[in-house]
1. Compute the relative contact order of the stretch 1-127 as a whole-number percentage, counting only Cα pairs closer than 8 Å that sit 6 or more residues apart in sequence.
2. Do you know the relative contact order of the stretch 63-104, to the nearest whole percent, from alpha carbon pairs under 8 angstrom that are 6+ apart?
3. Taking the Cα centre of the stretch 114-194 as the origin, how large is its charge dipole in debye, to the nearest 20, when only Lys and Arg (+1) and Asp and Glu (-1) carry charge on their Cβ atoms?
4. Determine the sum of side-chain charges near Arg36: Lys and Arg each +1, Asp and Glu each -1, restricted to other residues whose C-beta is under 10 angstrom from that of Arg36.
5. Using the Cα centre of the chain as the reference point, and only Cβ charges (+1 on K/R, -1 on D/E), how large is the resulting charge dipole? Debye, rounded to the nearest 20.
6. Can you tally the net charge around Leu112? Count Lys and Arg as +1, Asp and Glu as -1, for every other residue whose Cβ sits under 11 Å from the Cβ of Leu112.
7. Using DSSP to call loops (not H, G, I, E or B), can you name the GluC sites (Glu not before Pro) in the stretch 104-206 whose Cβ has at most 11 other Cβ atoms within 10 angstrom?
8. Using DSSP, restrict attention to beta bridges with both residues in the chain and report what percent are antiparallel, rounded to the nearest 5.
Amino acid sequence: MIVTIDGVAASGKSSVSGGVARALGIPYVSSGLLYRAATLLGLEARLDLAEAAPLLAHLRTLPLRLEPLAEGNRIWTGERDLTWELHQSAVDAGVSTVAAHPKIRAWVDEQLRQLPPPFVAEGRDMGTNVFPQAQAKFYLTASPRIRAERRSAERPEDVDAIEAALIERDARDTVQSAPAPDARVIDTGPLTLEEVIDEILRGVRG
Ligand code: DC
């Protein structure tokens, strides 16, 4: 079984996917972390993130591994755990450029398709491009204001600035962020985390 949970930035996808995966007793897979790892590794190698071919050639030389644990995904290159470095602001700033390259998207898709089901796959295009055969598909939305308010509870930044950055990121991510035609769209605005998880579990269990 594959369950896909896609949605806009800061819609709560990771927390929701983790909760759904734990309830089902299966791992979840964070595709965004692979885009983040590609960005971090490109920055460390001082590559121009606007150029796909050198970045891809570099990634292919590294022993990169995604470990899809139910309690949180980890990314390794050999013995090095990159996970805790993937949410730096330099990675946030570069990741949309990296994720816009079709060749890098194909590289990420290749890593994801090697993973043995069952799992919950979380990202932007899991239900459309990567796992169109998934049994249950969901797409999370919420207004930029609500997402910014949730983020500002975690970070000491101004809510207006977070909202403006989210609107800009939505615009850059739109191409790969359309819901699958057979996805159930959930507006998480009026719902708690537990309510979103419950709604998805009801959908999965039919
Ligand atoms: O989910 P996240 O914020 O960690 O994702 C980081 C970036 O990667 C985000 O800007 C969009 C991109 N991404 C993507 O294009 N496709 C995916 N399946 C997952 C993430």
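Here, each number is a calculation from the coordinates, and none is a lab measurement. Keep in mind the model is a prediction, meaning the values are calculated, not measured. Virtual Cβ from ideal backbone geometry, glycine too; neighbours counted across all protein chains shown.
1. 45 percent
2. For the stretch 63-104, the relative contact order is 22 percent.
3. 240 debye
4. Charge balance near Arg36 sits at -2.
5. 540 debye
6. -2
7. Those satisfying the criteria are Glu154.
8. 25 percent
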